[in-house]
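Take a look at the structure set out below.
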Amino acid sequence: MGLILTEISKTFKDFKVQVDLEVNDGDLTTLLGPSGCGKTTTLQIISGIIKPDSGSIILNGNDITLTDPWKRDIGIVFQDYALFPHLKVAENISYGLKRKGTGKKEITEAVRNYLKLVHLEGYGERTIDSLSGGEKQRVALARALAPKPGILLLDEPLSALDASLRKNLRREIRRIQQQLKLTTVYVTHDQEEALTISDSLVIMNQGGVEQHGTPPDIFNRPKTRFAADFLGHSNLLGGKITAVEESSGITVRINDKTEIYTPYFPLFKEGDPVWIFFRSGRTEICSYEKAGGNVLPGRLLLKEYYGTHTLFEVDINGTIIKAESRHPLSPEKKELTPGQEVFVSVSGEYCYLMERLSRI
Ligand code: ATP
């Protein structure tokens, strides 16, 4: 049945969180946004640590808005593990079960099963300070899962770990969550983590939900300028529609000398101010004029190496366009140098128009 937050609001001295959110049963939904946008506050409202000023929280069909945190049927994993340092690994995992009054035999069996699930068989008698950061977080996960909660909340669970460990553990978390079909809310400010782990993604900004959708939805069809800018390198150019032809498409003027053509879409008419959005990964760069698509002449401003790809920034008559080329680069692209004349091209089918509202 999942989780439903309706008109939740919480005001601190100079910050307000206002959230409506639905998490489908068995889905992993990620709250993604910059520092201070209200992700942790939202998670703490779900867990009961923070009481909202108004709104309701329904978890698996039950209204838990006024329920005490420890009666909410929730498992939580924090960034800093928050394990009990004086208890051994097995005692940490069995803590929630003992509080529930579970029998000794079931506890022993559950501890064995959850240690196996997080790949820590044989670690039950270890002390917490003998564990690595990754192992501690696995214990924290097992501890949160052992009482079989109705929902799992994870607050930046990987941010204290190094890059390669983060990748392994996030795959483990996803494997376990899918195996248990456990409704989960995951908080992160890491875009790659959010895109790879989630069934659905909530982009948060200044205490509110900017957009909620599947990762491909948000990546390819951002609804606001903030969502477009936040996920990966993209181009979001202000423009004005100068022609709309059902047969040939829409023409958008992005500056005095440059027009971009996109396919016809009935929502738009001549004269409309719009944002035109396309991913830099869909944009080609070349030192000579190629046929096909929107081919725009300009001057190369910047060339940045990113390991898996190179990012180019090109000045097209005063408008900056980003193009991303995956490695290995062709010999011709390797030679491109800032300052030289180049052409960027993007096919109209990758260009997505948004109404240019005053708020974005
Ligand atoms: P981060 O990624 O840095 O953890 P976040 O998106 O999780 O950020 P929150 O921790 O939810 O953000 O904080 C959102 C805002 O609410 C911040 O400006 C914070 O200072 C404020 N805030 C959070 N808790 C309280 C509190 N108890 N009293 C006053 N202000 C608070």
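Throughout, read-outs are computed from the coordinates displayed, never taken from laboratory work. Values in this document were obtained by computation on a predicted structure and should not be read as measured data. A quick note on method: Cβ atoms are made from the backbone with ideal geometry, for glycine too, and the neighbour counts reach across all protein chains shown.
Numbers below:
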item: Charge context of GLU259, other residues only, Cβ under 12 angstrom, K/R +1, D/E -1; result: +2
item: Centre separation in Å (Cα based) which lies between the stretch 254-300 and the stretch 1-75; result: 41 Å
item: Residues CYS37, CYS286 arranged by fewest to most Cβ contacts within 10 Å; result: CYS286, CYS37
item: Separation of alpha-carbon centers, the stretch 89-146 and the stretch 190-218, rounded to whole Å; result: 31 Å
item: Calculated FRET efficiency for the pair GLU192/THR102, C-beta based, R₀ 30 Å, to 0.05; result: 0.20
item: Cα gyration tensor shape for the stretch 65-151, rounded if a/c is under 1.5, else prolate or oblate; result: oblate
item: Ascending count of other beta-carbon atoms within 10 Å, so fewest first, for THR283, THR40; result: THR40, THR283
item: Average Cα contact separation per residue, the stretch 144-245, under 8 Å, 6 or more apart, as relative contact order %; result: 18 percent
item: Net length gained if the chain between THR11 and SER130 were fully extended (0.36 nm per residue, minus Cα distance); result: 38.7 nm
item: Neighbourhood charge, 12 Å Cβ-Cβ cut-off, centred on GLY2 and excluding it, Lys, Arg +1 and Asp, Glu -1; result: -3
item: Computed lengthening from GLU91 to GLU22, 0.36 nm per intervening residue step minus Cα-Cα distance; result: 21.4 nm
item: Whole-number D in µm²/s for the stretch 105-217 (Stokes-Einstein; Kirkwood sum over Cα pairs; 20 °C, 1.002 mPa s); result: 140 µm²/s
item: Surrounding net charge for GLY271, when Lys and Arg each add one and Asp and Glu each subtract one, Cβ distance under 15 Å; result: -1
item: Alpha-carbon Rg/Rh ratio, for the chain, with Rh computed the Kirkwood way; result: 1.07
item: GNM flexibility winner over the chain from SER200, SER164, SER345 (Cα, springs under 10 Å); result: SER164
item: The chain - percent relative contact order, Cα under 8 Å, separation 6 or more; result: 15 percent
item: Which listed pairs, of LYS98/LYS181; LYS290/LYS322; LYS116/LYS148; LYS16/LYS136, have C-alpha distances above 22 Å, in listed order; result: LYS98/LYS181; LYS16/LYS136
item: Label-point gap, in nm, between GLN178 and GLU289 - each point 7 angstrom along Cα→Cβ; result: 4.9 nm
item: Segment ASP217-ASN62, length gained on full extension (0.36 nm per residue, minus Cα span); result: 52.8 nm
